[in-house]
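S.K.: Got a structure for you, written out below as structure tokens; questions coming shortly.
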Amino acid sequence: MQNPAAELAKALRSASRLHLRRGEALGIVSHAYSHFKVVVHAFWCEAVSIPKNKKLKWVKIGELSEYPMGKVDRQIAQKIK
């Protein structure tokens, strides 16, 4: 099995050039869609460098409920409140 924390950092670096410092695991969130299941490993992370040319927006944890997100993302947001 691959290291979920390392894979998270690699995926975000590749997709958005966002560099992270991984922290503690928050837990695992599972969800069944109609044709497949997902298992997501959630981690606390700290941004080490944020690219200026990407459309990334940092929001306060208390404001997360104001933003649209899928069920899995919402479950993770609840864990970090």
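S.K.: Would you give the gap between the C-alpha center of region 29-73 and the C-alpha center of region 10-28, rounded to a whole Å?
M.R.: Region 29-73 and region 10-28 have Cα centres spaced 10 Å from each other.
S.K.: Cβ under 15 Å from GLU63's Cβ, GLU63 left aside: what net charge do those residues give with Lys, Arg +1 and Asp, Glu -1?
M.R.: Once positives and negatives cancel, what remains is +2.
S.K.: Over the chain, what is the relative contact order in whole percent, taking alpha-carbon pairs under 8 Å and six or more residues apart?
M.R.: Over the chain, the number comes to 27 percent.
S.K.: Okay, moving on. In terms of the ratio Rg/(2.2 N^0.38 Å) built on C-alpha atoms, what value belongs to the chain?
M.R.: After normalising by residue count via 2.2 N^0.38 Å, the value is 1.16.
S.K.: What net charge do the residues around VAL38 carry, taking every other residue with its C-beta under 12 Å from that of VAL38, with Lys and Arg at +1 and Asp and Glu at -1?
M.R.: +1
Laboratory data are not the source of any read-out in this text; all were calculated from the coordinates shown. Given the structure is predicted, the values throughout are model-derived calculations rather than measurements. Positions of Cβ are generated from backbone atoms using ideal geometry, with glycine treated the same way; all protein chains shown enter the neighbour counts.
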